[in-house]
Amino acid sequence: MVNVTVHKAFRDLKEHVDRRPNDTFVATEERAREIEAKLPGYITHESAPQDDGADLSALKVSELRKLAAERGVTIPRNASKDRILTLLEG
């Protein structure tokens with residue numbers, strides 16, 4: 001996971017949110033690279049500190065699913081956010 005800082009406003013179509021200058025959010029490295037490839041100069045990112053007690057509840061469902069995939073955790077297709085959090089923390 002990486003911390004992403006927005007420098008130019010853009011519409012994040014995958015997350016269905018408007019990103020504004022100086023916004024920060026957490027994303028997978030893959031997602032940050034994808035945004036940089038499509039919108040060069042719009043964001044910068046740095047590695048998030050590794051914290052085993054990280055507050056996963058702050059992540060969106062799509063980000064949780066990506067994190068689960070990176071960790072090799074199988075998530076049912078219709079799993080709620082609470083269920084995904086339980087599986088990741090379990």
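If I filter the stretch 20-30 for residues that are basic (Lys, Arg) and under 22 Å from Arg65 (Cα atoms), do I get at least one hit? No, there is no match, as no residue in the stretch 20-30 is basic (Lys, Arg) and under 22 Å from Arg65 (Cα atoms).
Residue-by-condition table, conditions (1) touching a residue at least 24 places away in the same chain (Cβ under 8 Å); (2) on the phi > 0 side of the Ramachandran plot; (3) among the hydroxyl-bearing types (Ser, Thr, Tyr); (4) in contact with a Lys or Arg (Cβ under 9 Å, 6 or more places away or on another chain):
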| residue | (1), (2), (3), (4) |
| --- | --- |
| His16 | no, yes, no, no |
| Glu34 | no, no, no, yes |
| Leu39 | yes, no, no, yes |
| Thr44 | yes, no, yes, no |
| Val61 | no, no, no, yes |
| Asn78 | no, no, no, no |
| Asp82 | no, no, no, no |
| Gly90 | no, no, no, no |
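Counting the residues of the stretch 25-53 that are assigned to a loop (DSSP other than H, G, I, E, B), surrounded by 10 or more Cβ atoms within 10 Å (Cβ to Cβ), at pLDDT below 90 and not small (Gly, Ala, Ser) gives 1.
The test for being hydrophobic (A, V, I, L, M, F, W, C) and surrounded by 14 or more Cβ atoms within 10 Å (Cβ to Cβ) holds for Val4.
Against the definition (touching a Phe, Trp or Tyr at 6+ places or on another chain (Cβ under 9 Å) and of a type in the set (Phe, Trp, Tyr)), how does Phe25 come out, yes or no?
On the way: touching a Phe, Trp or Tyr at 6+ places or on another chain (Cβ under 9 Å): no; of a type in the set (Phe, Trp, Tyr): yes.
Judged against the criteria, Phe25 is not a match.
Please verify whether Asp12 is surrounded by fewer than 11 Cβ atoms within 10 Å (Cβ to Cβ) and free of Cβ contacts under 8 Å to residues at least 24 places away in the same chain, treating the condition exactly as stated. Spelling it out, it is not the case that Asp12 is surrounded by fewer than 11 Cβ atoms within 10 Å (Cβ to Cβ) and free of Cβ contacts under 8 Å to residues at least 24 places away in the same chain.
The values are calculated or read from the model by the stated rules, or taken from the named source; none is laboratory data. Model, not experiment: these values are computed from the prediction. Every residue, glycine among them, receives a Cβ derived from its backbone with ideal geometry; neighbour counts consider all protein chains shown.
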